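K.L.:
Handing you this structure, nothing more for now.
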Amino acid sequence: ARVAGSAKVVPTTLELRDIAGLVRGASEGSGMGNEFLGHIRSTSCVLQVVRCFEDADVVHVEETVDPLRDVAIIESELVLADLESVERRVGDKKAARLAARGDDAEAAA
């Protein structure tokens, strides 16, 4: 409030949930892909925390530590999952339109 010069302070809470990491191919079901993406869909905000340290006792799924690559994988998998959702919705709407017109054979294709 001090920084923004707000006249009123409104208390709030922030709930953070640690969701198991996303792996390359998650949008196609690899790793915990579908479960991970389901958890992501139920959130209001995504905060990415990626590993930036070497530790022989902590295995990295990609075998090397590269935070930029890891962020790119996360972003790509989320975009691919969103694209799949959009394609599914567009397909459902197209099928509904065709069925409403009586083009059942084409709607089933």
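K.L.:
Name the pairs whose Cβ atoms lie under 6 Å apart, with the first residue in the range 55-66 and within 16 Å of Gly25 (Cα to Cα), the second assigned to a loop (DSSP other than H, G, I, E, B) and open to solvent by less than 60 Å² (accessible area, probe 1.4 Å), and 6 or more positions between them or separate chains?
P.N.:
Val61/Val23
K.L.:
Here's something else I'd like to know. Is it true that some residue in the range 80-89 is assigned to a loop (DSSP other than H, G, I, E, B), open to solvent by 90 Å² or more (accessible area, probe 1.4 Å) and at pLDDT 85 or above? It would help to see each step written out before you state the result.
P.N.:
Step one: list which residues in the range 80-89 are assigned to a loop (DSSP other than H, G, I, E, B), which gives none.
So far as the range 80-89 goes, no, none of its residues is assigned to a loop (DSSP other than H, G, I, E, B), open to solvent by 90 Å² or more (accessible area, probe 1.4 Å) and at pLDDT 85 or above.
K.L.:
Still on this structure, please answer the following. Which is at pLDDT 70 or above, loosely packed, with under 11 Cβ neighbours inside 10 Å and more than 21 Å from Ser85 (Cβ to Cβ), of Val46, Val3, Val65? Quick ask: steps written out before the conclusion?
P.N.:
Working: Val46 fails: more than 21 Å from Ser85 (Cβ to Cβ); Val65 fails: loosely packed, with under 11 Cβ neighbours inside 10 Å.
Val3 is the lone residue from the list that is at pLDDT 70 or above, loosely packed, with under 11 Cβ neighbours inside 10 Å and more than 21 Å from Ser85 (Cβ to Cβ).
K.L.:
Further, regarding this structure: Taking the range 67-87 on its own, how many of its residues are within 24 Å of Phe53 (Cβ to Cβ) and of a type in the set (D, E, K, R)?
P.N.:
Residues that pass the stated criteria total 4.
K.L.:
Take the residues of the range 8-43 that are of a type in the set (Ser, Thr, Tyr) and outside any helix (DSSP H, G or I): which is modelled with the lowest pLDDT? I'd like the intermediate steps shown before the answer.
P.N.:
Pass one, the range 8-43, residues of a type in the set (Ser, Thr, Tyr): 12-13, 27, 30, 42-43.
Checking which are outside any helix (DSSP H, G or I) leaves us with 12-13, 30, 42-43.
Numbers: Thr12: 89, Thr13: 89, Ser30: 62, Ser42: 78, Thr43: 80.
Ranking the qualifying residues of the range 8-43, first place goes to Ser30.
The values are calculated or read from the model by the stated rules, or taken from the named source; none is laboratory data. Small disclaimer: the values here were computed from a predicted structure and weren't measured. Cβ coordinates were reconstructed from backbone atoms using ideal geometry, including for glycine residues, and neighbour counts include every protein chain displayed. Heavy atoms of the whole protein, side chains included, go into the accessibility calculation; ligands, DNA and RNA do not. Shrake-Rupley method; radii C 1.70, N 1.55, O 1.52, S 1.80 Å.
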